[in-house]
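Engineer: Pasting in a structure now, in structure tokens, and then I'll have a few things to ask.
The values are calculated or read from the model by the stated rules, or taken from the named source; none is laboratory data. All of these numbers come straight from a predicted model, not from anything done at the bench. Cβ: placed from backbone, ideal geometry, glycine included. Neighbour counts: every protein chain shown. Ligands, DNA and RNA are stripped out before the accessible areas are found, and what is left, the full protein with its side chains, is counted by its heavy atoms. Shrake-Rupley method; radii C 1.70, N 1.55, O 1.52, S 1.80 Å.
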Amino acid sequence: MKITILGANGQTGVQVIKQALEAGYTVNALVRNAETLKKRADLNLFVGNATNVKDVSAASKGSDVIISVLGTDPSKTSTLMSDAVSAVIEASKSTGVKRFIFMSSFGVSSHLAGGAMKSVSWMMKRMFKDYVVGAAILRNSNLDWTVVHAARLTNQPKGSGLRVIPSTEKLSIKHQITRADVATWILQETKENAYIKAEVTISR
């Protein structure tokens, strides 16, 4: 399988690359600076911007799936997520790549927030707004998309715990998941395609 990763040099992106290469995947990584990633067999580096249609097209041509694990600075207003989603949709018209997995934040999950989570959501609402807009654009597209809302991210080892949160469970600040386990779930979804045109929240 060949996958394209947006946000490949971020902490979660590095985990996706590591596990994908271990699984025998070919990985195309779209990065702004190629020096941020070590060159390895089956890892192809494309220098560009995830919001640029031509760059996304070049990186994703011939891929089976595009994975976005982009991150933003919560203290700043940004349209990175929605712009990247729009670029992926537009690129698909020439590349034919329809499968897209988009990592979002637990703060915009459909689960009801309780306790401190309400405060966190309010403080980060500028970042969350961009995720919401990006997901809305996806829903109106013809892509085979999956939106995965990851709980609070940690750097604990792979295998620390992974589950899909049921719709009846209320989110709290105690919900967390390791970046390595997020990568595991995403790569599993590239094979199983269990959540096409669906949103899911994952935690340990």
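Engineer: Could you list, in sequence order, all residues of region 143-158 that are in contact (Cβ under 8 Å) with a residue 24 or more places away in the chain, in a loop (DSSP other than H, G, I, E, B) and open to solvent by 50 Å² or more (accessible area, probe 1.4 Å)?
Structural biologist: Quick first cut of region 143-158, residues in contact (Cβ under 8 Å) with a residue 24 or more places away in the chain only: 143-156, 158.
When the remaining residues are screened for being in a loop (DSSP other than H, G, I, E, B), the result is 143, 151, 155-156, 158.
Asn155, Gln156, Lys158 - these are the residues of region 143-158 that are in contact (Cβ under 8 Å) with a residue 24 or more places away in the chain, in a loop (DSSP other than H, G, I, E, B) and open to solvent by 50 Å² or more (accessible area, probe 1.4 Å).
Engineer: Kindly evaluate Ser78 against the criterion of being over 19 Å from Ala180 (Cβ atoms), surrounded by fewer than 24 Cβ atoms within 10 Å (Cβ to Cβ) and of a type in the set (S, T, N, Q).
Structural biologist: Working: over 19 Å from Ala180 (Cβ atoms): yes; surrounded by fewer than 24 Cβ atoms within 10 Å (Cβ to Cβ): yes; of a type in the set (S, T, N, Q): yes.
Taking the combined requirement at face value, the residue satisfies it.
Engineer: Please specify each residue of region 53-75 satisfying the condition of being open to solvent by less than 60 Å² (accessible area, probe 1.4 Å), at pLDDT 95 or above and not in a helix (DSSP H, G or I).
Structural biologist: Once the filter is applied, which keeps residues that are open to solvent by less than 60 Å² (accessible area, probe 1.4 Å), at pLDDT 95 or above and not in a helix (DSSP H, G or I), region 53-75 yields Gly62, Ser63, Val65, Ile66, Ile67, Ser68, Val69, Leu70.
Engineer: Mind checking which pairs have a first residue in region 87-98 that is open to solvent by 70 Å² or more (accessible area, probe 1.4 Å) and a second that is aliphatic (A, V, I, L, M) and outside any loop (DSSP other than H, G, I, E, B), Cβ under 7 Å, 6 or more apart or different chains?
Structural biologist: Glu90/Val53
Engineer: Let me ask another. If Ala23 meets every condition in (1) open to solvent by 60 Å² or more (accessible area, probe 1.4 Å); (2) touching a residue at least 40 places away in the same chain (Cβ under 8 Å); (3) more than 18 Å from Lys98 (Cβ to Cβ); (4) within 18 Å of the chain's Cα centre (by Cα) apart from one, which number is that one?
Structural biologist: Among (1) open to solvent by 60 Å² or more (accessible area, probe 1.4 Å); (2) touching a residue at least 40 places away in the same chain (Cβ under 8 Å); (3) more than 18 Å from Lys98 (Cβ to Cβ); (4) within 18 Å of the chain's Cα centre (by Cα), the lone unmet condition for Ala23 is (4).
Engineer: Still on this model: What are the pairs with Cβ atoms under 6 angstrom where one residue, in region 29-42, is under 15 Å from Gly13 (Cα atoms) and the other, located anywhere, is open to solvent by less than 70 Å² (accessible area, probe 1.4 Å) and of a type in the set (Val, Ile, Thr)? Sequence gap at least six, or different chains.
Structural biologist: Ala29/Ile5
Engineer: Could you list all residues from region 185-204 that are over 16 Å from Phe100 (Cα atoms) and either surrounded by fewer than 20 Cβ atoms within 10 Å (Cβ to Cβ) or over 13 Å from the mean Cα position of the chain (by Cα) (or both)?
Structural biologist: Ser203, Arg204
Engineer: If I ask for residues that are crowded, with 17+ Cβ neighbours inside 10 Å and either farther than 22 Å from Leu143 by Cβ or at pLDDT below 95 (or both), which ones from region 38-52 would you list?
Structural biologist: Leu43, Leu45 - these are the residues of region 38-52 that are crowded, with 17+ Cβ neighbours inside 10 Å and either farther than 22 Å from Leu143 by Cβ or at pLDDT below 95 (or both).
Engineer: Read through the list (1) at pLDDT below 90; (2) outside any loop (DSSP other than H, G, I, E, B), then give the number of the only condition that Ser167 fails.
Structural biologist: Of the numbered conditions (1) at pLDDT below 90; (2) outside any loop (DSSP other than H, G, I, E, B), the odd one out for Ser167 is (2).
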